[in-house]
Each structure stands twice: as C-alpha cells, then as structure tokens.
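The values are calculated or read from the model by the stated rules, or taken from the named source; none is laboratory data. Everything quoted here is computed from the prediction, not taken from an experiment. Cβ sites come from the backbone with ideal geometry, for glycine too, and all protein chains shown count toward neighbours. Remember, those area values only see protein heavy atoms, side chains included, never the ligands or the DNA or RNA. Shrake-Rupley method; radii C 1.70, N 1.55, O 1.52, S 1.80 Å.
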Amino acid sequence: MTSDDWKATNRHLQILKAANEGQYGVLAAIAYNIEQILGLVRAAEKARSPLILQFFPWAIKFSDGLLIRTAADAARRATVPISIHLDHAQEEEIIKRAADELPFDSIMVDMSHFDKEENLAKTAQWVKYCNERRIATEAEPGRIEGGEDGVMDTVGLEASKTTPEEVEQFVATGVDALAPAFGNVHGEYGPQGPQLDFERYLYITYRLALVKKQLDNRAIIALHGTNGFPPDLMRRCIEAGATKINVNRITLDDYYAHLRAARTVHKPHTTVMEEGVEKVIHLTVKWMEILGSTGKAPPV
Ligand SMILES: [Zn+2]
C-alpha cells in the first residue's frame, strides 16, 4: 500500500483519468449560486456526462462555505460522476480552510503570483498538504495573465509562459493537473476575441500539444481562460491535449441575459429562478456535446 493509493478512489481524479484516456474534455464549470449549481448538475444528468463543479475562493468567503457544502451534497446525490474543485486558491489561509474544513475533491494551489522559484516551492508544499488530506491538486507553472472574480490581475504576457523545464519541475511535485500559460488569458479577450484570430488558434493548439507531449500522462492539462472560445477552438484544444476545461461565462451567459430581461417583466421570483436553472441546463448540455463528454458517465 503506497501513500498515493487514495488517488484511485478520488472522484475528481477518476473523472479526469477517464476523460484523458477517452480523449474528451470535461467541463469544470464555475458556479456562484444555487440556481447555477442546480442547472449544472441537472445538465450533467441530462447529458449523462461527468462534471466538475468549481468555485472561486470568493464562494467560500461569501457563503461561509455553504455553497461548497451544498454543491457536495448535490454531487453525492447525482446519478453521474461530479467532483468539487476550488479554482485559484492563492492565499494560504483559504487553502487551509478548504482542505481542512470543506468537502473539496481537488484544489488549485495557485502560487503563480510569486516568482518562478517561489511558485514551485510553495506549490510543492501545498500539494503535500492537500494530498495528506486525500485531496487532488492543480497548479499553474508560469502565469496566466488577466483577472477574474478576485483572481489577481497580472501583466507581462511573454515572460510568463510555461516552459518545458517548469512542466518537469511541477510534475515532480506530484501535482495532478497543470494549467499551462501558453497565450491564454483570464477574463475577456478584448474586441477581437479569440474567434477571429486563426494564427492565435494555431499558436494555442500547437503549444498545448507540446505541453501534452511532455506530460506523458503524468498529469492532465487544465485549460484556463476560455471566455469567448468558439466551439471549434474548444474542440481543437481538446484534440491538442486539454482535458479539464475551465469555463465561467460560456455556460452562464444565457442565465445572466435571462436575469437582465427579467428586470422589465413582472414575474414571480420563483419563476425567474426556475427559468434561470433551465437556461444553465440548456447551454451546459450544448457545451458537453461540444467537449465530447455527453454519454460518458457510467450507466446507472
Ligand atoms: Zn484560471
């Protein structure tokens, strides 16, 4: 019995391993409230797809952990595999709280705001801390630029890209997923967006494929910064090796449009909530189809 045997039964790692082997992507979808949790879980059941429900540290602070416990309850009751992940945990206090007190299957120990050596050293330290509590980990070698809901904003795109050396060093920490910085950014891509820039497509998928080749199945690739990604770019990123597909706006856009529209119409609050859940289900099912995860959940 080795100390890593728990990894075989960790829900998050089971989901990622199956997707990596099956060469499809799994949505790692951010949720901010109960309607979104309900919508994402029901979408996964409808599509018979695995799902990763993820939260920013904001959700822990805002709800005093309630949203995480609620999501874990929904995941346990679901008829498809669903894991609970903490995205971009950058403060040591929040990592401790998440690992010690909350039902996370996986935590992104994001030390990318430190310089390269410190990023690596602190990542190794927190991977160990989480693993001792049977929690899987994700880390960010290099630095993905941009800011997103409390995630620190950084600048200087070129110097921050993940190098082959860093991939080796981070894999050696025992981290389960890597979020490489290869030209992707957090938040919005600006007026041109990634959709019009085919050179950018090629660049992104080429660099992803290089990282994938180097990983040799010792860790999986988490794709960050997908706001505004059109379906064909998403598919190409999965073909190039991305497995965990972090999404925020692309599964929630219709929900927010619905809320904006509801301001001018007089409907019962409960109706607005129920319709909001349907919006999340509809868009999420669509993306599961694009990622290739539809029907991949084991039969009930
Ligand atoms: Zn990210």
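Quick notes on this structure:
- In segment 48-96, of all residues being more than 16 Å from the ligand (Cβ to nearest atom) and closer than 22 Å to H186 by Cα, the one that is surrounded by the fewest Cβ atoms within 10 Å (Cβ to Cβ) corresponds to K61.
- Qualifying residue in segment 152-161 (condition: in a loop (DSSP other than H, G, I, E, B), hydroxyl-bearing (S, T, Y), more than 16 Å from the ligand (Cβ to nearest atom) and at pLDDT below 95): no
- Pairs, first farther than 21 Å from M108 by Cα in segment 237-256, second open to solvent by 10 Å² or more (accessible area, probe 1.4 Å) and away from the ligand (no atom under 14 Å from the Cβ), C-beta under 6 Å, six or more apart: A240/T205; A240/A209; D254/K279; D254/L283; Y255/K279
- If you check L202, L259, L210, L233 for being free of Cβ contacts under 8 Å to residues at least 12 places away in the same chain and away from the ligand (no atom under 15 Å from the Cβ), only one passes: L202.
- Scope segment 237-248; condition outside any strand (DSSP E or B) and out of contact with any helix residue (DSSP H, G or I) (no Cβ under 8 Å at 6 or more places or on another chain); matching residues: N248
- Among all positions in segment 40-56, there is no residue which is touching a Lys or Arg at 6+ places or on another chain (Cβ under 8 Å) and assigned to a helix (DSSP H, G or I).
- In segment 99-133, the residues that are assigned to a helix (DSSP H, G or I), in contact (Cβ under 8 Å) with a residue 40 or more places away in the chain and within 16 Å of the ligand (Cβ to nearest atom): T123
- Subset of segment 215-232 (residues that are over 21 Å from E145 (Cβ atoms), crowded, with 17+ Cβ neighbours inside 10 Å and not small (G, A, S)): L215, I220
- Condition met for T70 (of a type in the set (V, I, T) and at pLDDT below 95): no
- Matching residues in segment 20-39 - criterion: being assigned to a helix (DSSP H, G or I) and open to solvent by 10 Å² or more (accessible area, probe 1.4 Å): N20, E21, G22, I34, E35, L38
- T270 more than 29 Å from K161 (Cβ to Cβ), modelled with pLDDT under 95 and open to solvent by 60 Å² or more (accessible area, probe 1.4 Å): no
- Segment 103-145, residues that are surrounded by fewer than 21 Cβ atoms within 10 Å (Cβ to Cβ) and either at positive phi or of a type in the set (S, T, N, Q) (or both): Q125, R134
- Some residue of segment 274-294 being small (G, A, S), modelled with pLDDT of 95 or more and in a loop (DSSP other than H, G, I, E, B): yes
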